[in-house]
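The next block holds one structure in the form of structure tokens; read it before the comments.
Readers should treat all values here as calculations from the given coordinates under stated rules, not as data from a laboratory. All of these numbers come straight from a predicted model, not from anything done at the bench. Positions of Cβ are backbone-derived with ideal geometry, glycine not excepted, and every protein chain shown enters the neighbour counts.
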Amino acid sequence: MIIKGRSIAKGTATGELIITDAPISFLSGVDPETGIVIEKGHPLEGISIAGKILAFPFGKGSTVGSYVIYSLKKNDCAPAAMINAEAEAIIAVGAIISRIPMIDQLEGGLSSLKSGMNVTVDGDRGELICKDWANS
Amino acid sequence: MELDRSDEEILSGEYGETRRVMLEILIALGKIYGAERLIPVSSVQVSGASYKTIGDAGLEWLEGLDARAVVPAFLNPIGMPREEWSEMGIDPAFAGKQEEILTAYKRLGIRLTCTCTPYYHQIVQYGDHLAWSESSAVAYANSVLGARTNREGGPSALASALIGKTPEYGLHIMKKRLPNVIVSLDDPAAAKEWGPAEYGALGYVAGKEVGNAVPFFRGLRPNRDRLKALGAAMAATGAVALFHVEDITPEARVPFFKQSFSVDEKEQIEIAVSDVNAVFSDIEVNAVAVGCPHLSEDELRTVADLLSGKKVTKPFFIFVSQEMINEHRDLVTIIDRSGAHVYADTCMVVSPATDKLGSVMTNSGKAFSYLPAMCGVVPRLGTIEDCVRVATE
């Protein structure tokens, strides 16, 4: 099944989906050395986003967050791709400078997505492909 | 979004990987904010220059880039004065990293002006499209000069420097520049006596009220230094990128502009003079700092006149651009004799030197807003006269 969205950053990546309904601040919210969410009280606190397809509503916090995403990529612990409900500048810029595929504005929003699904983000076409949709 | 042939060539990678990524940033932002096309900019001002704010992550990114600016592009203040960092108590490790950031920007063709007041040193004309990122400079360019810029982030401003364009949305579009909230004082007569510090206090209070709106002030007659203080503080406590003052700021004097909205139909906010006065306090402080944003020629002269013949009894930091120092050595000499010190390239907010001071008095509503969170400092707001009195008593 293919869900249409909008392309923000080019490239394609497949992996395990991890989703949260809380916005993410990469500066001080994610450890750039490990990719583990460290923001106190965040639903993903203690969980690694490294290599995952990370879906969250939008970015929050400092604009330095864009550079933190770049550090994560350099340290091999960035998300493989990102999905936002509504992209804003911090996350979009971070994704583009780090060559992380990114899409937003999925038809039906993020509510139909579940952590653990195996999905492909196509940042060129602005689409999300869920092969095991029926099983999830 | 509409792209021209040169954009397509850049996107295909013909002009290198850095330019390709930079254009992608501009296109993505255009998409996010609903721009239909890219427009040329006449100048760029790049924030994200202090090692204190961008850290190793930002430095690593900058060092990986390979392109040159195609329009005049200026750098925001850095974390230390380039010449006298050791005298300011800056750690050599920090200075080394800061030098690497400067080298990276220089290689990209960004002019190392290191000032938040680039408008004192270059001509910005009414109606110019810019891509500036330092929030107080954005407020000044839009409001006091009538130029047009959104509040850019560091990377998007750098992208505009290397591509020469910005997506056309927000404050580049005339109708988005019309006010949506009318602000007045409960006692307008009180403002007649106000200097820049009081206008900074007004901005500190008003920014929290208006958020990211475009306010239209009535009943005030501020000059440029007062407008600078007002805008800088509103950009710090709110996200104000443009404000108007009735009959004072350039757009507010244009007949077409006046006819484009009705004051009575907008949301009205009344600010109590007592709330503005309440921002001032008389707590004990360990140091005094002025020049946030960097001082104008008139402001530097005022400080020199007030300090002339006096001796400071506590550290007194004065922040200006290097160009202002070069043009006014006489004023700097007068200040030096008092024991106060004029620093170029940096400021009390982005330099780690401030972090050790504990409590600082300033005449800036913007610094008053940022010092607690960014420097762990207890701030006190006072007029420039009071700042000099406290520093010399």
Item to check | Distant-in-sequence amide H partners of A:C77 (H built 1.01 Å from N, under 5 Å) | outcome: none
Item to check | Scaled radius of gyration (Cα, divided by 2.2 N^0.38 Å) that region B:287-392 gives | outcome: 0.97
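Just how large is the dipole of region B:206-353 about the Cα centre, in debye to the nearest 20, putting +1 at every Lys and Arg Cβ and -1 at every Asp and Glu Cβ? Kindly include the intermediate steps, with their values, before the conclusion.
On the way: 15 positive and 21 negative charges, 58 e Å.
Result for region B:206-353 is approximately 280 debye, rounded to the nearest 20.
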Checklist entry - Among B:P188, B:I248, B:V320, which residue has its Cα positioned farthest towards the positive end of the charge dipole of chain B, with +1 placed on the Cβ of Lys and Arg, -1 on the Cβ of Asp and Glu, and the dipole taken about the Cα centre? => result B:I248
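Treat the protein assembly as shown as a sphere of radius equal to its Kirkwood radius over Cα pairs and apply Stokes-Einstein at 25 °C in a medium of 0.890 mPa s; give the translational diffusion coefficient in µm²/s, rounded to a whole number.
Details: Rh = 24.2 Å.
So the translational diffusion coefficient is about 101 µm²/s.
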Item to check | Dipole of region B:49-192, positive end: most advanced residue of B:N150, B:G89, B:M174 [Cβ charges, Cα centre] | outcome: B:M174
Next on the checklist: At a 10 Å Cβ-Cβ cut-off, how would you order B:C375, B:C292, fewest neighbours first?
Outcome noted: B:C375, B:C292
Next on the checklist: Averaged across orientations, what area in nm² does the convex hull of the alpha carbons in region B:195-300 project?
Outcome noted: 7.7 nm²
Next on the checklist: Using the Cα centre of chain B as the reference point, and only Cβ charges (+1 on K/R, -1 on D/E), how large is the resulting charge dipole? Debye, rounded to the nearest 20.
Outcome noted: 280 debye
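Determine, for B:W61, B:W132, B:W194, the number of other Cβ atoms within 10 Å of each Cβ, and report the residues in order from fewest to most. Show your work: numbers first, answer last.
On the way: B:W61 25, B:W132 32, B:W194 22.
So the ranking, lowest neighbour count to highest, is B:W194, B:W61, B:W132.
When the helices in the protein assembly as shown are scored as -39500 (n - 2.57) per DSSP H run of 4 or longer and the sum is shared across all residues, what 222 nm value do you end up with, to the nearest 500 deg cm²/dmol? Don't skip to the end; give the middle numbers.
On the way: 17 runs with 176 residues, N = 529.
It lands at -10000 deg cm²/dmol.
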Checklist outcome for this item: HN-Hα couplings for region B:169-176 via Karplus (6.51, -1.76, 1.60; θ = phi - 60°), in whole Hz with x for Gly/Pro, come out as 8, x, 6, 7, 9, 3, 5, 7
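Whole number please: convex hull volume per residue, Cα atoms of chain B, in Å³. Don't jump to the answer; show the numbers that get you there.
Values: hull volume 50.5 nm³, N = 393.
About 129 Å³ per residue, rounded to a whole number.
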Item to check | Student exercise, the protein assembly as shown dipole from Lys, Arg, Asp, Glu Cβ charges, in Debye to nearest 20 | outcome: 380 debye
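Return an integer: the convex hull volume of the alpha-carbon atoms of region B:75-228, in Å³ per residue.
Values: hull volume 22.4 nm³, N = 154.
Hull volume normalised by residue count: 145 Å³.
Tell me, in nm to one decimal, what length is gained between A:K40 and A:S28 on full extension, where the rule is 0.36 nm per residue of separation less the Cα-Cα distance?
On the way: separation 12, 0.36 × 12 = 4.32 nm, distance 1.00 nm.
So the chain would gain 3.3 nm between A:K40 and A:S28.
Could you check what % of the DSSP bridge pairs in the protein assembly as shown are antiparallel, to the nearest 5? All intermediate terms of the calculation are to be shown ahead of the outcome.
On the way: 20 of 65 bridges.
Beta bridges within the protein assembly as shown, antiparallel portion: roughly 30 percent.
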Checklist entry - Taking amide hydrogens as modeled 1.01 Å from N in the peptide plane, which residues meet the under 5 Å criterion relative to A:K52, leaving out close sequence neighbours? => result A:A80
Item to check | Amide hydrogen neighbours beyond the local backbone of B:S43, cut-off 5 Å, H modeled | outcome: B:A131
Checklist outcome for this item: Measuring from the longest principal axis of the C-alpha atoms of chain A, the long axis of helix A:65-74 (C-alpha) lies at a number of degrees, nearest 10, equal to 80 degrees
